[in-house]
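Here the structure is laid out as structure tokens; the discussion comes afterwards.
The values are calculated or read from the model by the stated rules, or taken from the named source; none is laboratory data. Since this is a predicted model, take the numbers as computed values, not measurements. Positions of Cβ are backbone-derived with ideal geometry, glycine not excepted, and every protein chain shown enters the neighbour counts.
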Amino acid sequence: MPDSTRSFGRADDQMRPVTLTRDVMKNADGSCLAEFGDTRVLCTATIEEGVPLWRRAAHAGWVTAEYAMLPASTARRTPREQRGRKGRSMEIERLIGRSLRAVTDMALLGDHTVTIDCDVIQADGGTRTASITGAWVALHEALMRAVETDRITRLPLTDQVAAISMGLVGGVPLLDLDYHEDSAADVDMNLVAAPGGRIVEIQGTGERMSFSRAELDALLDMGEKAIEQLLELQNDVTGFQA
């Protein structure tokens with residue numbers, strides 16, 4: 001039943017309102033504004049000729065990501081990160097990149113590098129999961145345009161991917177934690193998955209306590225249902241067919 005203490009008066013196993021708006025940037029090959037409640041992330045995809053030097057022997061493309069929080073995205077101004085001082089952001093960038101590469105056929109992508117930029121314009125928890133979910137839409141849009149303009153011969157996406165956060169707060173399993181809940185979580189978890197319940201990555205940490213296998217299963221069951229909803233929303237926006 002709905003909980004008046006949760007944002008948007010939602011139940012423990014309910015996500016915040018989610019909106020994915022594609023084609024929001026004129027100069028990007030693909031773009032999506034991902035909104036999870038009060039968290040908003042602008043995701044763009046840019047396709048460039050060539051791959052990094054270390055990748056050339058593979059004769060395949062590459063998908064990479066960059067992530068940043070704008071200074072006014074949080075209640076207290078977040079200083080701009082300097083190159084080489086991006087600990088948390090680098091970890092999130094790698095997660096986004098791994099998630100997208102898991103559903104991209106690099107051979108079909110060919111001699112191209114796709115750079116995903118995820119810029120948090122407003123943060124209220126779940127920025128990495130919103131980034132992944134929106135980044136897939138931006139990637140799809142960019143690759144579709146590349147096919148339409150004959151830059152690549154076929155759409156190299158093999159599937160969809162989306163992400164959601166879960167956690168234990170005061171011993172209660174909650175889905176899609178906002179900042180207030182995330183900062184108080186005893187257990188913090190992120191699930192990245194593709195259709196059919198296929199897991200790409202699980203990040204789970206006992207922040208203030210350990211957790212049992214039963215509690216882990218309960219969180220994953222909650223997350224899996226949310227992933228199905230997010231994949232359906234992506235499909236509604238893009239019309240993707242694997």
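Here are some notes:
- For the stretch 132-242, no strands (runs of 3 or more DSSP E) sit wholly inside it while including 2 or more residues that are among the hydroxyl-bearing types (Ser, Thr, Tyr) and crowded, with 21+ Cβ neighbours inside 10 Å.
- Among the residues making up the stretch 71-120, those that are in contact with a Ser or Thr (Cβ under 6 Å, 6 or more places away or on another chain), modelled with pLDDT of 90 or more and either under 20 Å from residue 180 (Cα atoms) or part of a loop (DSSP other than H, G, I, E, B) (or both) are 103, 105, 120.
- Any pair with Cβ under 7 angstrom, 6 or more apart, that starts in the stretch 115-136 at a residue that is without any contact (Cβ under 8 Å) to a residue 24 or more places away in the chain and ends at one that is buried (at least 24 other Cβ atoms within 10 Å of the Cβ) and of a type outside the set (S, T, N, Q): none
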